[in-house]
Amino acid sequence: MKQTIIILFFALMSIFTLSGCGTISTIESPNPNPIPTAKNDTQTPTTLPNNAVQSKARIASNLVNAIDTPFVSRYIEALDICLSGNNELIFTKSEGIPSEQLYIFAIYAIDQEFFARHSPNESTSSGDAFFDRKDRKYHIPVPTIHNVLDRYFEKTIFDPTKIDGYDPAKNEIVTKIFAGFGGARNIKVSKVEQISNDSIRITADFYNMDNSMVIYRKIYTMKHTANGWKYISITKS
């Protein structure tokens, strides 16, 4: 009798175990972003892990807060100083920006990126990487210019033949002067709007130096990407 009970017990346990192996429990995450489980290394994931999505959402929610004094100094004031007069950067579609302005912008961007990484007290400068001691000129590869422009605009059409000093044999711009932009602006940001998950619109008023009047106003539409900020349009009134 005892032996029969033991046999029945193990039989029942086997049935329960088999039933459990055939049951799949599904728990839905409140923020589901699954990573593809295919083992094909050539497959490009189409979704992001939760932490990446959360990080992106956090950045997007704080875009307005990112517009601080260093941002205005780098992306608005310095740009207005180096691209002014006949080369003032005003556009609604970046592919229509003239090559001369794109070249100046690329130099400005390289200069600003350098100073963002280095102390002002360092003896090096933004043009050192391009300086040739033999002819004492700066040699700026056209691919470098394209790479810079791609970081700051959605689309541009840069024609190096429009730039003085272009060397077609080496596909580079050769110049005696690299940077050296100087000047000052009296800017007050009057409005910042987040117009989409990754884009903002900044209204900047440019005052005379005694703050008695607004000389002109510019509206910057900018997009935040993994590589920083892109200019979508700049208008002036």
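Nothing in this text is a laboratory measurement; each read-out follows from the coordinates by a stated rule. Keep in mind that this is a model prediction, so the values were computed, not measured. Backbone-built Cβ (ideal geometry, glycine too); neighbour counts: all protein chains shown.
Please label the shape of segment 133-214 as rounded, prolate or oblate, based on the square roots a ≥ b ≥ c of the eigenvalues of the alpha-carbon gyration tensor (a/c under 1.5 means rounded; beyond that, a/b larger than b/c means prolate, else oblate).
Verdict is oblate for segment 133-214.
For segment 54-236, what does the relative contact order come out to in percent, with C-alpha contacts under 8 Å and a separation of six or more?
Relative CO of segment 54-236 lands at 23 percent.
For labels at T235 and D167 in the simple 7 Å Cα→Cβ model, what's the distance in nm?
4.4 nm
Hey, what do the phi angles of segment 197-210 turn into as Karplus ³J(HN,Hα) couplings, whole Hz, using 6.51/-1.76/1.60 and θ = phi - 60°, x for Gly and Pro?
The phi angles translate into 4, 10, 10, 9, 10, 10, 9, 10, 9, 9, 8, 6, 5, 9 Hz.
Say the cut-off is 29 Å between C-alpha atoms; which of K137/K236; K162/K230; K176/K223 go over it?
K137/K236; K176/K223
Hey, if you put +1 on the Cβ of every Lys and Arg and -1 on every Asp and Glu Cβ in segment 54-236, which of Y103, T221, Y166 ends up farthest toward the positive end of that dipole?
Of the listed residues, the answer is T221.
With +1 assigned to the C-beta of every Lys and Arg and -1 to the C-beta of every Asp and Glu, and no other charges, what is the dipole magnitude of segment 54-236 about the Cα centre in debye, to the nearest 20?
Charge dipole, segment 54-236, about its Cα centre: 340 debye, nearest 20.
Each residue of segment 138-145 in order: what ³J(HN,Hα) in whole Hz does its phi give by Karplus 6.51 cos²θ - 1.76 cosθ + 1.60, θ = phi - 60°, with x for Gly and Pro?
Rounded to whole hertz, the list is 9, 10, 9, x, 4, x, 5, 4.
In nm, what is the difference between 0.36 nm times the number of residues separating R151 and R136 and their Cα-Cα distance?
2.5 nm
Note the full-extension length gain between S119 and S73 as 0.36 nm times their separation in residues minus their Cα-Cα distance, in nm to one decimal.
Working it through step by step, the gained length comes to 15.0 nm.
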